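The values are calculated or read from the model by the stated rules, or taken from the named source; none is laboratory data. Worth saying up front: this structure is predicted, and the values here are computed from it rather than measured. So basically every Cβ, Gly included, is an ideal-geometry build from the backbone, and we count neighbours across all protein chains shown.
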Amino acid sequence: MKNIKFAAVAAAALTFVAAPALAQTTFQPTTFYGNLGYSHVDGDGVDLGAISARLGARFGQYLGLEAEGGLGVNDDTVGGAKVDLKHSVAGYVVGFAPVTPKIDLIGRVGYGTTRIGAEAGGVSVKDNQDSWNYGVGGQYFFDAANGLRAEWTRFDFTNDAGKADVWSVHYVRKF
């Protein structure tokens with residue numbers, strides 16, 4: 001019994017010693033990037049567009065964090081009301097799957113808020129909707145710093161406020 005306890009304590013101690021070394025190799029190097037592009041928003045019966053930008057940090061090859069913001073540029077008319085996207089912001093955890101040194105597949109999940117406006121007959125209404133967001137895509141780099149990213153993201157609005165599919169194409173720049 002003493003040997004089992006000793007082995008368990010020794011294994012736990014090795015875990016605490018080895019974890020920082022594993023983290024250094026797994027999450028290094030940390031690189032930063034920015035994206036700028038267009039996002040088409042296909043919501044429940046409404047088509048909108050936005051200029052969107054992202055700033056991100058990539059920790060090693062497989063994990064990253066992103067902050068995203070978008071400003072509406074296209075509106076739509078639904079039932080006689082003009083609907084437009086005012087802005088959206090979100091944060092994501094991003095998983096990268098390197099296919100080649102120049103190609104990555106991407107999966108991301110996060111949380112955001114979107115401000116929508118509607119106007120009809122001189123009456124204007126604005127509303128914020130929070131959403132859980134998830135999506136997939138890929139990116140291709142032309143050289144060590146410049147690339148192109150395409151993806152699909154689903155905005156699943158809270159309080160049963162609907163869903164939106166967002167299709168994006170972005171220029172990517174590594175810093």
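Test Gly56 against the stated conditions and say whether it is part of a strand (DSSP E or B), without any contact (Cβ under 8 Å) to a residue 24 or more places away in the chain and surrounded by 15 or more Cβ atoms within 10 Å (Cβ to Cβ). For Gly56, the condition - part of a strand (DSSP E or B), without any contact (Cβ under 8 Å) to a residue 24 or more places away in the chain and surrounded by 15 or more Cβ atoms within 10 Å (Cβ to Cβ) - is not met.
Scanning the range 59-79 for residues being on the phi > 0 side of the Ramachandran plot and either surrounded by 15 or more Cβ atoms within 10 Å (Cβ to Cβ) or in contact (Cβ under 8 Å) with a residue 60 or more places away in the chain (or both) gives a total of 1. Can you confirm whether the range 81-96 contains a residue that is loosely packed, with under 15 Cβ neighbours inside 10 Å, of a type in the set (Lys, Arg) and in a loop (DSSP other than H, G, I, E, B)? No: the range 81-96 contains no residue that is loosely packed, with under 15 Cβ neighbours inside 10 Å, of a type in the set (Lys, Arg) and in a loop (DSSP other than H, G, I, E, B). Val123 satisfies every condition listed in (1) over 21 Å from Gln61 (Cα atoms); (2) in contact with a strand residue (DSSP E or B) (Cβ under 8 Å, 6 or more places away or on another chain); (3) not aromatic (Phe, Trp, Tyr) except (2). Among all residues of the range 9-31, there is none that is of a type in the set (Gly, Ala, Ser) and at pLDDT 95 or above.
When the range 25-53 is examined, which residues are found to be among the acidic types (Asp, Glu) and part of a strand (DSSP E or B)? Answer for the range 25-53, where residues must be among the acidic types (Asp, Glu) and part of a strand (DSSP E or B): Asp42, Asp47. Considering Ala161, Ala144, Ala118, the condition of being exposed (fewer than 13 other Cβ atoms within 10 Å of the Cβ) and over 17 Å from Leu36 (Cα atoms) is satisfied by Ala144 alone.
Looking at Asp143, Asp104, just one residue is assigned to a loop (DSSP other than H, G, I, E, B), at pLDDT 95 or above, within 18 Å of Thr31 (Cα to Cα) and not small (Gly, Ala, Ser), and that residue is Asp143. In the set (1) at pLDDT below 95; (2) in contact with a His (Cβ under 7 Å, 6 or more places away or on another chain), Gly70 fails one condition alone, (1).
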